[in-house]
């Protein structure tokens, strides 16, 4: 039993920031690759939105443009860890639309995407991110400003 406890203690020391980075990269890659595919063959993409995806309310051209825009911009922010929590929201929205209206049978895959995105949304991007570096820089400059104000 002591050996099991030692292994568990070792596993618990695994840096959360590495897991957060891995989640950001893995889900970001899925969305970014999808966006690249869309822009590489635009007319077939619009046809796909018109004939197969059939997203309600939006015309196929607008839906395809919105999807490609989200898929090419938000994953970059996600991987860099810049405006990370904000970047997860459109991707979560897309996941919901894809699950609900396009491929409901692929719920296991969509659950994985949503899990990673919700984890990053609720726990943040981690220490290996631009958000973290920016936050530390502001904290340091804020500390200097408040110290200078006292003198």
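Computed from the coordinates by the stated procedures, all read-outs in this text should not be read as laboratory data. Keep in mind it's a predicted model, so treat the numbers as computed, not measured. Please note: Cβ atoms are built from the backbone with ideal geometry, for glycine as well, and neighbour counts cover all protein chains shown.
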Compute the acute angle (0 to 90°) between the alpha-carbon long axis of helix 84-97 and the principal axis of greatest extent of the alpha-carbon atoms of the chain; round to the nearest 10°.
-> 30
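Run the numbers on the range 41-129 and let me know its relative contact order in percent, using alpha-carbon pairs under 8 Å that are six or more apart.
Rounded, it is 28 percent for the range 41-129.
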Could you tell me how many degrees, from 0 to 90 and to the nearest 10, lie between the Cα long axis of helix 2-12 and the main elongation axis, the longest principal axis, of the Cα atoms of the chain?
-> 70
Enter the angle in degrees (range 0 to 90, nearest 10) between the Cα long axis of helix 107-123 and the first principal axis of the Cα atoms of the chain, meaning the one along which they spread out most.
-> 30
What is the Cα centroid distance between the range 1-70 and the range 72-90, reported in whole angstrom?
-> 11
Cβ crowding within 10 Å averaged over residues, with 124-137, 80-93, 102-115 ranked highest first = 80-93, 124-137, 102-115
Relative contact order as a percentage, the range 1-149, C-alpha pairs under 8 Å and 6+ apart, gives 29
